[in-house]
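Colleague: Structure in structure tokens, see below.
Bear in mind that the values in this text are calculations on the coordinates, not laboratory data. Everything numeric here is computed off the predicted structure, so don't read it as measured data.
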Amino acid sequence: MSTLAAQPGGLISPALTRDGPGAPAVAELRGIKKTYYKPNGEIMVQALRGVDLRINAGEYVAIMGSSGSGKSTLMNVLGCLDRPSEGDYLLDGKSVSTMDDEELSHFRGQKIGFIFQAFNLIPQLTIEENIEVPLFYQGMSKTDRRERAMRALELVSLTNRVGHRPRELSGGQQQRVAIARALATSPVVLMADEPTGNLDSATGKAILRVFQDLHARGLTIVMVTHDPVVARRCQRIVRLADGLIESDIRQQPEIDDSAPTAEH
Ligand code: ADP
Ligand code: MG
């Protein structure tokens, strides 16, 4: 693993950068089921039917599967945006099943950086203010928030856009702000549901380049994608079918060694 991760004051914790066998689990799902019910109590859909999955520190994982196979449901459980109907989920070694909503949302904010397909930035705020929002909710002081936001912007090569609002930026730059916001809290894992889904292919490539660099610095990344080109860039592909893991393979990731571009 890269020693860059061990830089003092880095947003990516050196304690979390051990990869390979014996690496600590960042997320561990045990027998996870998710059932959606009709208002009359009848079962409508069993979106997850018993998922066991362990994601270790330092992994770069793609979750794939056809539409309706349960990818978003799984990602929402992993991201603590939704609770499973059955099973246990250990996030950074701690079971989240017994936490109440307030505890869970606090824990989630500390541990997970989540990136949405539609960026979900606040249009009235500048990009650095957007990045400061989750830090504000963590009670961080104004000075520390700004300092963190600037370091996060550095990680995505956007310090030259400070003071700008999201609409003044391209789609790819907005997604990079969203990545910076997700990183600012020093999460143990970065999670993303179709992060390149709203972007043209050149811009999607630039975003994958950012992920590649973050992974090289030791960050754990889990993302949903339906795009095989995107999945080839990951180290591991977990394929869902009908709410179950159909296959789970490790591969040599395809590396993009072109010069990074700030244009997209
Ligand atoms: P994917 O992301 O792989 O397309 P989803 O996880 O979104 O799949 O959905 C899995 C299954 O669960 C689908 O059959 C979908 O219709 C169903 N589903 C997802 N969310 C809900 C919900 N809130 N209420 C009822 N059914 C849902
Ligand atoms: Mg989906």
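Colleague: Could you give me the ³J(HN,Hα) list for the stretch 140-145, computed from phi with Karplus coefficients 6.51, -1.76, 1.60 and θ = phi - 60°, whole Hz, x at Gly and Pro?
Modeller: 6, 5, 4, 4, 5, 4
Colleague: If you fit an axis through the alpha-carbon atoms of helix 101-111 and take the longest principal axis of the Cα set of the chain, what angle between them do you get, 0 to 90°, nearest 10?
Modeller: 50
Colleague: Which lysines, if any, have their Cα less than 26 Å from the Cα of residue 71, not counting same-chain residues under 8 positions apart?
Modeller: Result set, ordered by chain and number: 33, 34, 38, 94, 111, 205.
Colleague: For the chain, what does the helix formula give at 222 nm: sum of -39500 (n - 2.57) over DSSP H segments with n ≥ 4, over the residue count, nearest 500 deg cm²/dmol? All intermediate terms of the calculation are to be shown ahead of the outcome.
Modeller: Values: 7 runs with 78 residues, N = 264.
It comes out at -9000 deg cm²/dmol, rounded to the nearest 500.
Colleague: List the residues, sorted by chain then number, that are 5 or more residues from residue 189 or on another chain and whose placed amide H is less than 5 Å from its amide H.
Modeller: 113
Colleague: Still on this structure: Taking only the alpha carbons of the chain, what extent do you get along each of the three principal axes, in Å, biggest first?
Modeller: Here the Cα extents, ordered largest to smallest, are 53, 40, 37 Å.
Colleague: Tell me, what ³J(HN,Hα) does each residue in the stretch 120-137 have, in order and in whole Hz, if you take phi through Karplus 6.51 cos²θ - 1.76 cosθ + 1.60 with θ = phi - 60° and put x for Gly and Pro?
Modeller: With coefficients 6.51, -1.76 and 1.60, one gets 6, 8, 8, x, 6, 9, 5, 5, 5, 5, 4, 5, 6, 3, x, 6, 4, 5 Hz.
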